[in-house]
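**Q** The structure under discussion is supplied below as structure tokens; questions concerning it will follow.
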Amino acid sequence: MHIHNNEALYKRNIRGSFVASLLGMLALVGSVYVLFGEGQFGLYLLFLVLGIVLVQVGSWFSRWGRRADQGFNKALGSLDNHFSLYHYRSPVAHLLVAPSGVWMLLPRHTRGQVSYDSQKKRWTVKLPNILARLGQEGIGRPVAEASIDAEAIDRFLQKHWPDAQLRIQAVLVMMDENTEVERVAGAPIPTASIKKLKHTLQKGDPKAHLTAAQRDKLNRLLHQHYPA
């Protein structure tokens with residue numbers, strides 16, 4: 001397995017999350033001091049709004065601290081050198097170039113039992129109790145996300161390899177090792193737990209499989225346009 005990571009990007013955004021959260025908390029504390037100490041309502045509102053915005057920014061950047069890249073590296077690291085894994089070194093966040101095709105990996109840190117409701121056309125999560133919902137990441141809209149990512153890859157290929165005609169695949173991955181994935185056969189996107197991801201990636205759509213020459217060319221293009 002060849003792993004290509006953008007460690008500098010991770011470190012920069014994790015540091016940004018810490019700084020934004022710290023400044024946000026200081027601004028919120030300052031708003032309380034201004035309200036009760038100085039009695040200046042306008043200044044209080046300024047500190048309050050600034051604090052809330054900074055805390056939200058820090059919360060958004062905190063997703064970088066979950067390090068989905070490390071989870072993928074651990075789960076797929078034993079694959080042979082026919083596989084190349086890219087983290088923020090391609091048009092999308094996590095991309096795998098494999099004999100079974102080009103895969104977009106869509107990580108979710110959802111806990112519980114994940115299944116797909118074919119009637120409601122959505123993924124559902126069953127949790128052991130109400131408290132488990134605290135801090136829980138939702139499934140979101142993986143179909144829309146996959147569509148946007150696929151378009152980004154298509155634009156890249158049209159620009160640098162217009163006659164490629166590669167079929168892009170996506171897989172929704174539950175990163176928590178305790179999450180159970182069941183009854184997802186009808187899902188529009190293959191859904192797998194991190195423990196069974198390797199099995200999913202080794203199959204794929206036969207029409208999407210890549211030859212060694214196709215893999216080599218795509219890897220060269222990614223290295224050229226997304227250098228370390």
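No value in this document is a laboratory result; all are computed from the given coordinates. Keep in mind that this is a model prediction, so the values were computed, not measured. Please note: Cβ atoms are built from the backbone with ideal geometry, for glycine as well, and neighbour counts cover all protein chains shown.
**Q** Can you pull the semi-axes for the range 2-64, root of five times each eigenvalue of the Cα gyration tensor, sorted largest first, whole Å?
**A** 34, 8, 6
**Q** With θ set to phi - 60°, apply the Karplus curve 6.51 cos²θ - 1.76 cosθ + 1.60 along the range 75-88 and write out the HN-Hα couplings as whole Hz, x wherever there is a Gly or Pro.
**A** Whole-Hz 3J(HN,Hα) from phi for the range 75-88: 6, 10, x, 7, 5, 7, 6, 7, 10, 10, 10, 10, 10, 6.
**Q** Let me ask something else. Go ahead and estimate [θ] at 222 nm for the chain from helices alone: -39,500 (n - 2.57) per DSSP H run with n ≥ 4, summed, over the residue count, rounded to 500.
**A** Dividing the helical sum by the residues of the chain leaves -14000 deg cm²/dmol.
**Q** Arrange the following residues from fewest to most other Cβ atoms within 10 Å of their Cβ: Trp161, Trp64.
**A** Trp161, Trp64
**Q** Principal axis lengths of the chain from Cα atoms, whole Å, largest first?
**A** Result, largest extent first: 71, 43, 30 Å.
**Q** Which loop trypsin sites (Lys or Arg not before Pro) in the range 136-228, with loop taken from DSSP, have no more than 16 other Cβ atoms within 10 angstrom of their Cβ?
**A** Passing both the DSSP loop test and the Cβ count: Arg167, Arg183, Lys203.
**Q** Percent relative contact order of the range 1-85, based on C-alpha pairs within less than 8 angstrom and at least six residues apart?
**A** It rounds to 49 percent for the range 1-85.
**Q** Just list whichever of Lys11/Lys74; Lys159/Lys203; Lys11/Lys198; Lys74/Lys203; Lys120/Lys207; Lys121/Lys196 have alpha carbons separated by over 25 Å in the model shown.
**A** In this structure, Lys159/Lys203; Lys11/Lys198; Lys120/Lys207 lie more than 25 Å apart at Cα.
**Q** Compare the peptides 19-29, 40-50 by average per-residue count of other Cβ atoms within 10 angstrom and give them in order, highest first.
**A** 19-29, 40-50
**Q** Still on this model: Relative contact order (percent) for the range 67-225, with alpha-carbon contacts under 8 angstrom and 6 or more residues of separation?
**A** Contact order relative to length: 32 percent.
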